[in-house]
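Peer 1: Quick one: structure below, then a few questions.
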Amino acid sequence: MADGSDGGGGGGGASPEEALHKYRELLGSAERKFARVRDLPPYSRGPHLVHYHRKVFRAYTMLWRFQQERRRELVEAGFRRPEIGEIASRIGQLYYSQYLRTSEARFLLESYVFYEAILSRGYFQSGGGRKGFASDVGLRFKELRFHARFLIVAMLLNRGEVVRNLVERFKSLVVDSRVSFPGTNFKEWKQMLQEIVRFLKADTSFANPRPLRYNVLFDSHPSSVPYITRLQAKARRVLALQEALLMTYHRNEVKFTELTIDTFRMLQCLEWEPSGSFYQPHTDEPSDNSNFSDQNGVSGLIDINLAADMTDPNLPPNPRKAILYRPTVSHLISVLAMICEDLSLDRILLIYISASGRSDQNTAYLKDKPGTSLDSLKLTTSSEVSCKQNGLLRRTMLSDGQNSNNCYGSCLSFGSRGSRGLDNLYPDDLIPFTRIPLFMIIDSDNSQAFKAGALLVVHVVL
């Protein structure tokens, strides 16, 4: 958002009613384009995504400029301050969704700048103290949603002080909402408040003096490591990490919205911290939120060109990441197939799966005793059938002296009780994806079974 004047001239002699009508037209067009982008899966790939994002950014750029230039006429026609906040909030959402698709830090930083400006100018704060807004429950819901979105962005950027401030504001809003709107159900927001408190408590226990992201102050560039340089010189081809799939499925897992503590940490571990030359902190001059004028200084990148080269020149590109929260097995496999189709030559796919390996409906466990292992498990019919269907793999394992019972219980559970094995992920389910360079991380109490499965794949391929 470029700097502009207060209330902006440029009216062209149009009446307030005409200006408001034009604004509504632009708003409707922008919202339709926004809905199309919002409904696209965040893990989808393809050039059409860039096309859609260009169109929606262009629509909101026109909308923002129009409300700048016709501010005085719009105000006379009944234009309200929270409507400015809605536009800025939508743009912040667009930047964040684009970050999820591309893993480019510039989009996350721009989203933060927009949300920070909305907060500092109090666009959703009960109408900035104006009479008549305190009883607007719709505005209160918008304010709650804004705080939840800002919290996620601030956490991903490790803005600790901002996060703590937002949590306190969010808590005050939830408490005040139940008092101010007794006839409205705010149970969902109370639960969300409990989630963020639990999340931050768990994350604080993992406090680290340095960020989880790779940082130029702590980590050297891979090409500067001697043994990597020698390996690249001898290798026929040099592999690079291009895609990552991160998924979790646990009961009662620590999360905020659909971001679990496991994916939150892994997401940062797969990125570079923006360097000082790339990111300059945004500073706002103090302003009086009761003043209806807008400083229009939220962002210098509102006229964004998604094709422009705006990457950090000092850092390698971050791998693109697809984040799945409690997917079914079929959904996981379909997303993996979609990612593999778009994987370039000499590129690596990383798969991170955090899930429980124990399924009561498929495996009858012996009572917990010292020394009890997976080898002592007894299987029901579904797992036995799976082993029989993969007799070739099993015989390969047995020929190398592996324990025959390792096949039993070699799964991760993605379902609840009564799913009868339909939501169990077996090591051999991932065999088709070993045709590409693959790096797997299984974070589970049954990861040993996948280690044996990996050995099977190697034997069969060789």
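The values are calculated or read from the model by the stated rules, or taken from the named source; none is laboratory data. Every value quoted in this text rests on a predicted model; they were computed, and no experiment measured them. Note: ideal-geometry Cβ built from the backbone for every residue, glycine included; neighbour counts use all protein chains shown.
Peer 1: What helices (runs of 4 or more DSSP H) lie completely within segment 23-105 and have 2 or more residues being among the small types (Gly, Ala, Ser), out of contact with any Pro (no Cβ under 8 Å at 6 or more places or on another chain) and surrounded by 18 or more Cβ atoms within 10 Å (Cβ to Cβ)?
Peer 2: Result: 81-102.
Peer 1: Evaluate segment 106-122: report whether one residue or more is in a loop (DSSP other than H, G, I, E, B), under 26 Å from Lys190 (Cβ atoms) and more than 19 Å from the chain's Cα centre (by Cα).
Peer 2: yes
Peer 1: Output yes when any residue across segment 110-125 is out of contact with any Lys or Arg (no Cβ under 9 Å at 6 or more places or on another chain), closer than 26 Å to Gln242 by Cβ and of a type in the set (Asp, Glu), and no when none is.
Peer 2: Yes, the conditions are met somewhere in segment 110-125.
Peer 1: Looking for whichever is touching an Asp or Glu at 6+ places or on another chain (Cβ under 9 Å), at pLDDT 90 or above, surrounded by 11 or more Cβ atoms within 10 Å (Cβ to Cβ) and of a type in the set (A, V, I, L, M, F, W, C) here; the options are Leu267, Leu259, Leu246. Which one fits?
Peer 2: Only one candidate passes the filter, namely Leu246.
Peer 1: Is there a residue in segment 220-240 that is under 27 Å from Leu119 (Cα atoms), surrounded by 10 or more Cβ atoms within 10 Å (Cβ to Cβ) and at pLDDT 75 or above?
Peer 2: No.
Peer 1: Anything in segment 439-451 that is within 22 Å of the chain's Cα centre (by Cα) and among the aliphatic types (A, V, I, L, M)? List them, or say none.
Peer 2: Across segment 439-451, the qualifying residues are Met440, Ile441, Ile442.
Peer 1: Right, another one. Taking segment 319-355 as the search range and keeping residues that are at pLDDT below 90 and assigned to a loop (DSSP other than H, G, I, E, B), which one is surrounded by the most Cβ atoms within 10 Å (Cβ to Cβ)?
Peer 2: Across segment 319-355, the extreme among qualifying residues is Leu343.
Peer 1: Only one residue in Lys187, Lys171, Lys131 is surrounded by fewer than 16 Cβ atoms within 10 Å (Cβ to Cβ), in contact with a Leu (Cβ under 9 Å, 6 or more places away or on another chain) and either among the basic types (Lys, Arg) or at pLDDT below 95 (or both). Which one?
Peer 2: From the options Lys187, Lys171, Lys131, the qualifying one is Lys171.
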